[in-house]
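The values are calculated or read from the model by the stated rules, or taken from the named source; none is laboratory data. Source: prediction; values computed, not measured. Here the Cβ is made from the backbone with ideal geometry for all residues, glycine too, and neighbour counts use every protein chain on show. Side chains included, ligands, DNA and RNA excluded: accessible areas come from the protein's heavy atoms. Shrake-Rupley method; radii C 1.70, N 1.55, O 1.52, S 1.80 Å.
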Amino acid sequence: PETKSSRKHIAVLAFPFGTHATPLLGFVRRISEAASDAKFSFFSTAQSNAVLLANRGEVERVKFLDVDSGLPNGYVFNKSDPNAPVVYFLKATPGNFERAVEIVVAETGMEFSCFISDAFMWFAAEMAEKRRVPWIALWTSGPRSLLVHLHTDFLRERLGINGPGEQTLEFFPGLSEIRAMDLPEGLVSGPLDEGVPLLLHKMGQILPKAAAVAANSYEELDLPDVNKLMKTRLPKFLNIGPFTLSSLLLPASDEYCCLEWLEKREKSSVAYISFGSVIQPPLPELTALAEALEARKTPFLWSFRGNPTEQLPLGFLQRTSVYGKMVPWAPQIKILQHSSVGVFVTHGGWNSILESIIGGVPMICRPFFGDQKLNERTLETVWGIGLGIEGRKFTKDGTMKALEVVLCSEQGKIMREKIAVLKKLAFQAVESEGSSTANFKAVMELITKT
Ligand code: UDP
C-alpha cells in the first residue's frame, strides 16, 4: 500500500511576474503526467496563483499555495513605478517561500523530495541543499539570454561598465552579432547589489549547482556554438521546448471571437499586435503605430492593454472598424497559427517569439527590457525571421516601412521561408525521437530517481 513517504512530494517555486508562472506550471503538468505518484506544492503569490487558476483551471495533483507578496498594507499600483511590486517581492524572498514550505511540511507530514523553481528563484538551490534533495531550475527564456547572465562578470571585464555601446561580442562564439547595446539593461552597467540585477547575477553564479536547468527552447533553433558554450558552463542544460507544442495546459479561450474575425481576412494579410502581459508602449508610439496602420489600411488584430478610446488617436477606432479589431486579450497561440496572419508586431518576449515560430509568422519587434533587445537582434541578424523597428521606437514612417517589408516584399518572403524551416525543426524536436523529448526524459530520470 502507498504510504506517505513512498510518494514524491515536489516543491515548485514560481516567479510571479510577467509570463513566468504559466510555463512553469506547464512544465509541472508535464512532469505530473509522467510521474503519476507525484504530488506538487506550487508556491507563488496569491495574485499570480489566482490568475493561473482563472486562466488554466485546476491541475490534478497540484496544490496552489500563496506566499507573501511583500507588498505593504494598502499598497496601490502606481503606473509611474511599475517595477515596485517586483522590488517588494524580492525583499520578501527567500523568507516568504521558506515559511510557506515549512507550513506545508508540517501540515502534510510529507517532506519534499525535489525542488523545482523558476531559475530566477536561485535560493531554491539552498532550500534543496539543506534538505539534501535535487534542485531543477526552469529557464523560461532563450539560451542566449541565459548565456549572457552566466557570463556577467566576464562581460563586464571585457566590455567595461560604461553602458551600452556598439561593440560586438565577437569574442563569444555564437554570439558575435550581439552588441553591448543589445544586452539586458544592468548587465554591463550600474551596480549589481540589489533588485533584479542582483537576482540575475546570483542566479548566474548558482545555476551550475542545479541537478538540471531545463529551458523552453529546442536545440536545433540556435547555432551549435551556442549550445556548446552553454554546456561548458551548465553540463546539465536541457532544452525541452517549445512548450507551445508540449504543454498540456488548457488553451486560452476566445471570448472576443478573434478566430472568427480572422476567418474573414485574406491569407497572410493581418498584422497581429501584442506586447505581452507587462508592457504598454508610450502614448506617442501608440499614436505612430495606429497612424501607420491607418495610412496603409493594414488589417490588424490588436491585443490592447489599456483603454484604446483614450489612448489612440481620436476617431481611429471608428475609421478602422472595417479592417481592424481591438481586444483586451487574445488567444495568441491560436491566432499566430491562423493563415490570415502575416506579421506579428511584438515586444520580443520569449514566449511570443516561440509562438510566432510555431505559427510560421515573421515579426516586427519593438523591444523594451530584459532579454527583448537580445531576442530582437537575434531574430533579425542571426535567424533572419523578422525586423527590429528602426531606432527601437515606433514612428509612423518606420512602422509603415517595416510593415511593407514583411508583408509585401521579397525580403518578407525570405523571412517566411526561413521561419518555416525553424517551425519544422520545432515540431521535430518534440516528436518521440526528438531532442526535446529526449531531454525531457533526462529531466524525469533526475526527478524519479530521488
Ligand atoms: N498572450 C496571450 N494573449 C494576449 C497577449 C499575450 O495569450 O492577448 C500570451 C502569449 O501567448 C504569451 C504570453 O502572453 O504566451 C506573453 O509572453 P512573453 O514571454 O512574450 O511576454 P511577457 O508577458 O513575459 O512580457
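Here are the numbers for the structure shown:
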| read-out | value |
| --- | --- |
| GLU445 vs. criteria assigned to a loop (DSSP other than H, G, I, E, B) and exposed (fewer than 13 other Cβ atoms within 10 Å of the Cβ) | no |
| Tally of residues being within 16 Å of the ligand (Cβ to nearest atom) and of a type in the set (Val, Ile, Thr) across segment 277-294 | 2 |
| Of all residues in segment 240-257 being in a loop (DSSP other than H, G, I, E, B) and modelled with pLDDT under 85, the one that is nearest to the ligand (Cβ to nearest atom) | ALA252 |
| Of all residues in segment 356-376 being farther than 22 Å from PRO282 by Cα and crowded, with 24+ Cβ neighbours inside 10 Å, the one that is nearest to the ligand (Cβ to nearest atom) | SER356 |
| Among residues of segment 296-329, those that are in contact (Cβ under 8 Å) with a residue 24 or more places away in the chain and either under 25 Å from GLU260 (Cα atoms) or within 13 Å of the ligand (Cβ to nearest atom) (or both), counted | 22 |
| Residue list for segment 427-441, filter: in a helix (DSSP H, G or I) and either touching a helix residue (DSSP H, G or I) at 6+ places or on another chain (Cβ under 8 Å) or crowded, with 16+ Cβ neighbours inside 10 Å (or both) | PHE427, GLN428, ALA429, SER435, SER436, THR437, ASN439, PHE440 |
| Residue within segment 339-352 that is open to solvent by 10 Å² or more (accessible area, probe 1.4 Å) and more than 24 Å from PRO242 (Cβ to Cβ) present | no |
| Candidates LEU407, LEU379, filtered to the one that is more than 16 Å from the ligand (Cβ to nearest atom) and modelled with pLDDT of 95 or more | LEU407 |
| Entirely in segment 279-327, the helices (runs of 4 or more DSSP H) that have 1 or more residues that are crowded, with 21+ Cβ neighbours inside 10 Å and not charged (D, E, K, R) | 283-296 |
| Members of segment 97-112 that are surrounded by 17 or more Cβ atoms within 10 Å (Cβ to Cβ), touching a helix residue (DSSP H, G or I) at 6+ places or on another chain (Cβ under 8 Å) and in a helix (DSSP H, G or I) | PHE97, VAL101 |
| Evaluation of GLY388 against (1) free of Cβ contacts under 8 Å to residues at least 60 places away in the same chain; (2) surrounded by fewer than 16 Cβ atoms within 10 Å (Cβ to Cβ); (3) small (Gly, Ala, Ser) (one fails), failing number | (2) |
| Residue in segment 407-426 that is under 21 Å from ILE279 (Cβ atoms) and either touching a residue at least 40 places away in the same chain (Cβ under 8 Å) or not in a helix (DSSP H, G or I) (or both) present | no |
| For SER69: the one exception among (1) at pLDDT below 95; (2) open to solvent by 30 Å² or more (accessible area, probe 1.4 Å); (3) outside any helix (DSSP H, G or I); (4) more than 16 Å from the ligand (Cβ to nearest atom) | (1) |
| Filter result for LYS8 (more than 21 Å from the chain's Cα centre (by Cα), among the basic types (Lys, Arg) and at pLDDT 95 or above) | no |
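Quick grid of which residues meet (1) crowded, with 23+ Cβ neighbours inside 10 Å; (2) basic (Lys, Arg):
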| residue | (1), (2) |
| --- | --- |
| ARG131 | no, yes |
| PRO134 | no, no |
| GLY142 | yes, no |
| PHE154 | no, no |
| LEU159 | no, no |
| PRO164 | no, no |
| PHE171 | no, no |
